[in-house]
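**Q** Take a look at the following structure, please.
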Amino acid sequence: MSGSNIPLARTALLTVDLQNDFLHRDGAYGRAGQSAPEIAALPARIAPLAEAIRRAGGWFVSTQFTLVPAKGGEPIISPHLRQLRPFLGKGDFAPGGWGHALVDELQPADLTVEKIAYSAFYQTRMEWVLRKCGIDKLIIGGIVTNGGVASTVRDAHVRDFETIVLSDGCAAFTPETHETAIAALRPVCRVAGVAEMISEIRGA
């Protein structure tokens with residue numbers, strides 16, 4: 001793909017935080033009125049790419065933001081997140097719950113990795129799982145561009161994964177924030193559109 005000698009069997013689509021609690025109207029963010037049309041549109045846009053990579057023998061990896069339940073089921077929430085999103089509470093983003101799950105439009109993932117911060121690599125098993133499965137190339141999308149996506153892209157880059165960020169396969173709460181984040185990622189990864197990646201996968 002695009003001059004890369006990494007085969008599709010060693011390539012993964014990696015989505016960040018495309019979960020019911022973020023995207024569904026009955027999820028934690030939906031109930032609080034926290035959404036954006038660009039974010040809501042992502043599952044339908046990414047689904048054909050997920051299907052193309054599955055058919056070509058590649059991988060689909062879902063990484064899911066997690067609020068770890070502590071005593072009495074109360075979630076452990078970092079102070080900055082509690083201040084930013086005071087509506088989060090018991091049961092939100094809880095492991096194994098409906099809100100924590102990948103949205104139906106993209107099910108099933110081949111691999112699922114819980115994460116507790118912006119980056120999918122921070123204190124997670126992500127790198128271990130990718131290495132064990134022989135994955136060397138990542139096509140990354142999800143939410144938000146300036147948060148989980150950007151942090152994951154940069155951490156993948158410093159770990160020597162060949163990395164592509166989907167310019168129209170990730171989103172932020174404003175288009176301006178998204179565009180600024182994409183521009184800032186250009187020095188560390190390739191930037192490509194969903195249709196471009198589908199075309200390359202089908203032609204590989």
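Just so it is clear, none of the values below were taken in a lab; they were calculated from the coordinates. Keep in mind it's a predicted model, so treat the numbers as computed, not measured. Reconstructed Cβ throughout: ideal geometry from the backbone, glycine too, with neighbour counts over all protein chains shown.
**Q** Note down the net charge around G73, summing +1 for each Lys or Arg and -1 for each Asp or Glu among other residues with Cβ under 15 Å from its Cβ.
**A** My count for the surroundings of G73 gives 0.
**Q** In terms of the Cα gyration tensor, with a ≥ b ≥ c the square roots of its eigenvalues, is the stretch 127-204 rounded because a/c is under 1.5, prolate because a/b exceeds b/c, or oblate? Walk me through the intermediate numbers first.
**A** Numbers: a/c = 2.03, a/b = 1.27, b/c = 1.60.
Taking the square roots of the gyration eigenvalues as a ≥ b ≥ c, the stretch 127-204 is oblate.
**Q** Quick check on the exposure proxy: order W128, W59, W98 from fewest to most C-beta atoms within 10 angstrom. Don't skip to the end; give the middle numbers.
**A** Values: W128 10, W59 24, W98 13.
Arranged by neighbour count, lowest to highest, W128, W59, W98 become W128, W98, W59.
**Q** Here's another thing I want to ask about it. Return the single residue from I46, I77, I164 with maximal mean-square fluctuation; model: Gaussian network over the chain, springs between Cα atoms under 10 Å.
**A** I77
**Q** Let me ask something else about it. Report the net charge of residues surrounding T163, where surrounding means a beta-carbon distance below 12 angstrom and charges are Lys +1, Arg +1, Asp -1, Glu -1.
**A** Numbers: positive: K137, R154, R159, R186, R190; negative: D136, D155, D160, E162.
Taking every other residue near T163 into account, the sum is +1.
**Q** Another question, then. Write down the percent of antiparallel bridges among all DSSP beta bridges whose residues are both part of the chain, to the nearest 5.
**A** Working: 2 of 27 bridges.
Given both bridge residues lie in the chain, the antiparallel proportion sits at roughly 5 percent.
**Q** Using a Gaussian network model on the chain with a 10 Å cutoff between Cα atoms, which of D17, D168, D110 fluctuates the most?
**A** D110
**Q** Under a 10 Å cutoff between Cα atoms, tell me which one of A32, A50, A171 has the largest fluctuation in the Gaussian network model of the chain.
**A** Of the options given, A32 has the highest mean-square fluctuation.
**Q** Something else now. With the cut-off at 1.5 for a/c, could you classify the stretch 80-149 from its C-alpha gyration tensor as rounded, prolate or oblate?
**A** Working: a/c = 1.89, a/b = 1.52, b/c = 1.24.
Note, shape of the stretch 80-149 comes out prolate.
**Q** Turning to a different aspect of this structure: What's the magnitude of the charge dipole for the chain around its Cα centre, counting Lys and Arg as +1 and Asp and Glu as -1 at the beta-carbon? Answer in Debye, nearest 20. If you can, show how the numbers build up before the last one.
**A** Working: 20 positive and 21 negative charges, 81 e Å.
Roughly 400 debye for the chain.
**Q** Sum -39500 (n - 2.57) across every DSSP H segment of at least 4 residues in the chain, then divide by the residue count to get the 222 nm mean residue ellipticity, nearest 500. Kindly include the intermediate steps, with their values, before the conclusion.
**A** Numbers: 9 runs with 69 residues, N = 204.
Roughly -9000 deg cm²/dmol at 222 nm, from the helical runs in the chain.
**Q** Sequence neighbours fewer than 8 away in the same chain don't count; with that in mind, list the aspartates and glutamates whose C-alpha is under 18 Å from K71.
**A** Counting by Cα, and skipping residues close in sequence, K71 has these aspartates and glutamates nearby: D92.
**Q** Assign unit charges at the C-beta atoms only (+1 for Lys and Arg, -1 for Asp and Glu), then state the dipole size of the stretch 1-73 relative to its Cα centre in Debye, rounded to the nearest 20. Can you show the working numbers first?
**A** Numbers: 7 positive and 5 negative charges, 32 e Å.
It works out to roughly 160 debye.
**Q** Further question: Which of (1) -0.47; (2) -0.31; (3) -0.41 is the computed log10 I(q)/I(0) by the Debye sum over Cα atoms at q = 0.09 Å⁻¹ for the structure on display?
**A** Label of the calculated value: (2).
**Q** Tell me the net charge near R54. Cut-off is 13 Å between Cβ atoms, R54 excluded, with +1 for each Lys or Arg and -1 for each Asp or Glu. Walk me through the intermediate numbers first.
**A** On the way: positive: R55, R202; negative: E51, D110.
Taking every Cβ under 13 Å from that of R54, the sum is 0.
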